[in-house]
Each structure stands twice: as structure tokens, then as C-alpha cells.
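One structure is given here, and the rest of the page talks about it.
The values are calculated or read from the model by the stated rules, or taken from the named source; none is laboratory data. Not measured: the values here are computed from a predicted model. Methodologically, a virtual Cβ is constructed for each residue, glycine included, from the backbone with ideal geometry; neighbour enumeration extends over all protein chains shown. These area figures cover heavy atoms from the full protein model, side chains too; ligands, DNA and RNA do not enter into them. Shrake-Rupley method; radii C 1.70, N 1.55, O 1.52, S 1.80 Å.
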Amino acid sequence: MNENGLDLLHYIEQDKMLQIIESFTQATDIAIDINDNLGFPVVEHNYYTGFCKYIRSTEKGFRNCIESNANVGYHSANKGQVAIAPCHAGPLVMALPIMLEGVFLGSITCCPLHLQKPDENTINKVLKTADELEIDKDKLVKAFKRINVITHEKCTAVSNMIQLVINYITELIFRTKKQEGQYMQKLNDMLEAKTKTELENKLRLAELKNLQAQIQPHFLFNTLNTLTGLITLNENLKALDVTYSLSEILRYNLDSCGELVTLQEELRNVENYLHIKKIRFGDRLNYKVQVAPELMDVMMPYLTLQPLVENACVHGLEPKEGEGYILISARDLGDQVELVVEDNGLGFPPTILKNFPKSLRELDKNNSIGLINVHSRLQLCFGRGFGLKLSRKRGITKVGLLLPAKRGGYNV
């Protein structure tokens with residue numbers, strides 16, 4: 001744990017950190033480190049190649065790299081923005097700080113970088129480094145010269161992508177800290193009550209809220225890849241569009257976590273999600289929302305619709321050849337409201353449809369926010385008469401979502 005008492009790995013799992021590093025490297029061809037506030041990488045990875053890999057193969061070289069990460073990380077924290085500085089071996093290091101509530105938690109650094117073709121002075125520094133580390137000079141200089149020179153425009157694009165990742169990380173930490181405080185308070189209340197039934201029910205609710213609050217990282221990573229492609233193709237307006245939609249999604253996931261929200265708020269979040277998907281897949285994806293204005297203030301658990309739409313996209317439409325569509329509609333049933341997410345994708349296996357809802361657990365083994373979670377939360381909030389229902393006919397899959405026609409009065 002670092003000196004600020006906040007261990008990044010306490011709040012974000014190691015495999016999720018590795019996913020971030022892997023996706024960023026694939027998107028940009030630039031390796032990054034996620035460091036604590038002393039410059040130490042919080043997870044090890046093997047995405048460094050060439051010059052950095054050769055330097056880090058020696059114990060002294062690796063220690064010097066950590067010191068360089070710490071220096072440029074502190075510099076970025078003092079500036080409150082991106083910082084670029086030469087590392088101990090010659091190339092440039094770029095860093096952005098990970099800050100939460102004014103506390104410097106660490107940094108994300110990327111190296112090696114050239115903003116211009118190396119001159120004699122920088123090559124002499126590399127030769128000096130080779131002497132200090134007792135490694136082959138010719139090999140190191142050749143690796144140094146093979147480092148790509150990137151434009152200032154690409155450097156800005158890379159720093160913007162790192163900032164998106166940092167926003168994602170800090171929001172996860174903020175939310176987890178908030179939840180831990182809430183859960184500890186609830187646990188104390190439950191222990192004081194000394195009621196076994198109450199303890200089990202409240203722990204179940206805490207578990208569901210924890211599942212509710214998770215963001216699947218693959219959507220963020222795919223969106224970063226989409227941004228990279230758009231920037232490379234000089235589609236700047238589309239890239240800006242994607243950035244705005246992604247920011248709205250991240251803000252919604254942070255601000256509304258654990259609350260009941262209106263159907264209008266849920267639909268706005270879903271439309272941001274589908275807007276990004278539409279930019280990514282073009283004519284392969286079409287969508288439409290048909291909901292009467294008088295139903296927009298119906299209350300529902302936060303993050304109820306997106307898992308249904310995401311399931312339709314990822315498992316139904318993306319593996320399908322040709323064009324696909326998603327239709328979101330709503331019906332007023334008097335004292336109830338039925339929402340339907342319809343798509344022409346591959347659909348559910350017959351066993352899932354036949355054995356629903358027991359089969360949902362089998363379907364959701366690999367989903368942190370899946371259909372079983374939505375079904376369970378609806379029943380927990382509103383009773384056993386509510387939840388999901390599945391159907392498929394003539395190549396059309398429908399996931400129905402039953403809600404009480406109430407405009408408030410519930411607490412999650």
C-alpha cells in the first residue's frame with residue numbers, strides 16, 4: 001500500500017489492470033505502466049519490447065525505470081496534467097496523474113517516445129547508459145533508433161486516451177470506497193438488530209448492489225479502439241461524438257449507482273451506448289426507441305436496460321452476418337408497464353427459453369452484469385410478480401421487462 005493509504009489493487013483487480021494495459025497497447029502500439037505514487041508498477045506485464053525490454057532486463061535498469069516513472073509521475077501530479085520528460089536512458093516518458101479528491105494515487109506512464117529524430121546528444125546518453133548497465137552498446141543504440149517518432153497530434157490523442165482510462169479507474173475507486181463505507185454501516189446496523197433473517201436479506205441486497213455497480217471493461221476497451229481508428233482516419237467529429245457519449249455513460253454509472261431512476265434517464269444512457277455501437281458498426285446496426293412521453297417518468301432500478309441491449313448487441317447481432325436492428329418499446333398495462341428489447345440476432349439457445357428463468361444462471365456464467373442480475377433486482381425491488389420474460393419467434397428475439405406503473409415511492 002502506498003503512503004496515501006490507497007492501494008490501487010485493493011480497488012481494481014489485477015486482471016482488469018492487465019486488460020487495460022493490453023487493450024491500450026493493441027490500440028496504440030505504445031506500452032503503458034500503471035504505477036503507484038512511488039513509481040512502482042502495480043502489475044507486471046510483458047508488453048514492453050525493443051529498447052525498454054532490453055533496459056528492463058537488468059536489475060539496475062529496471063530500478064532506474066521505476067525512478068523515472070516516479071519523477072515524471074510527480075511532475076504530472078504537480079502540474080495536474082500530462083507531463084513529458086526524458087527518462088534515465090534517453091527516450092521520452094509521458095505521464096498523467098491518477099488523482100482522487102486531491103490525493104495523488106499514482107500515474108499512468110508510457111515509454112519509449114520520440115517527438116523528433118534523435119540527435120547526437122541523445123545517442124551519447126544512450127551510450128553512457130549502456131556503459132552504466134554493462135549491456136551491448138550497438139544493440140541498445142539500434143533499438144533506440146527503431147523507436148518511432150510520433151507527431152504532436154498523435155501524442156495529444158494518446159494522452160486523451162490515457163485520460164479516459166484514468167477517469168475510468170478513479171470512478172471505480174470512488175464508487176468502491178463509497179460502497180465499502182455504506183456496506184460497513186449496514187453491517188453494523190444488522191449486527192445490532194441481531195436478526196438472522198434481516199442480516200441475510202440486507203447482505204443479499206448489498207451483493208446485488210455490488211453487481212449492479214460493475215462496468216464491464218470490454219466496452220471501454222472496444223470504445224478506445226474505435227477512437228483510435230477514428231483519429232487515425234481523421235474522423236475527428238465522430239471521435240468527438242464517441243468521447244461525449246462515453247463521458248455521459250461513465251458519469252451515469254457513477255452518479256446513479258444504487259438508485260431508482262426514471263425510464264427517461266435509462267433510455268438516455270442506452271442511446272449513448274447504442275450511438276457508440278452505431279459509429280463502430282455502421283450499417284450493420286440500426287436501432288429505434290418507441291416509448292410514449294407519459295411513460296418516461298416510470299421508476300426502475302438503475303442500469304436495467306443497458307444489460308439487455310448489450311446482450312442483444314454482443315451475443316445476438318455482432319456474431320450475425322448482415323444487418324441487424326434493435327427496437328426498444330413500452331406498453332402501458334394499467335397498473336404495470338412492460339418494456340421490450342427486440343432484436344433480429346442469433347437469439348437464445350432453446351434450452352434457455354424452455355427452462356426460463358432457472359436457465360438464466362447458466363446463461364450468465366460469464367457476465368458480471370447479466371440477465372439474471374436484472375431479473376433478481378426487479379424482483380427484489382418490486383416483488384416476485386415482476387422481472388424478465390424471454391421469447392423468440394420467426395427469427396425475432398424479445399426480452400420483456402415488467403415494472404409497476406409507479407412514479408416513485410420505492411427505495412433500492
Report summary line: Counting sequence-distant residues (5 or more places) and residues on other chains, those with an amide H built under 5 Å from that of residue 287 are 326
Report summary line: Scoring the range 83-184 by relative contact order with C-alpha pairs under 8 Å, at least six apart, yields a percentage of 24 percent
Report task. May I ask you to derive the FRET efficiency for residue 323 and residue 14 from their Cβ-Cβ distance with R0 = 41 Å, giving the value to the nearest 0.05? Result -> 0.55
Query raised in the report: Taking a probe of 1.4 angstrom, what is the accessible area of residue 154 in Å², to the nearest 10?
Result: 90 Å²
Report summary line: Sorted list, accessible surface of protein heavy atoms, 1.4 Å probe, largest first, for 333, 346 is 346, 333
Requested in this report: Return the carbon/sulfur percentage of the accessible area of the range 55-180, one whole number, probe 1.4 Å, all protein chains in place.
Outcome: 49 percent
Report summary line: To the nearest Å², the heavy-atom accessible area per residue of the range 87-174 with 1.4 Å probe amounts to 47 Å²
Requested in this report: Filter the cross-link list 53/145; 117/142; 60/117 down to pairs whose alpha-carbon distance in this structure exceeds 22 Å.
Outcome: 60/117
Query raised in the report: What does the highest-first list of 32-45, 389-402, 84-97, 239-252 look like by mean Cβ count within 10 Å?
Result: 84-97, 32-45, 239-252, 389-402
Query raised in the report: To the nearest 0.05, what FRET efficiency results for residue 248 and residue 145 with a Förster distance of 45 Å applied to their C-beta separation?
Result: 0.55
Requested in this report: For the range 14-118, just say rounded, prolate or oblate: build the C-alpha gyration tensor, square-root its eigenvalues into a ≥ b ≥ c, call rounded for a/c under 1.5, and beyond that prolate if a/b exceeds b/c, oblate if not.
Outcome: rounded
Query raised in the report: Given H placed on each backbone N at 1.01 Å, which residues far from residue 100 in sequence or on other chains put an amide H within less than 5 Å of it?
Result: 105
Query raised in the report: Using 7 Å Cα-to-Cβ label points, what is the residue 135/residue 331 separation (nm, one decimal)?
Result: 6.7 nm
Query - Added length on full extension, which subtracts the Cα-Cα distance from 0.36 nm per residue, residue 174 to residue 283 - result: 35.5 nm
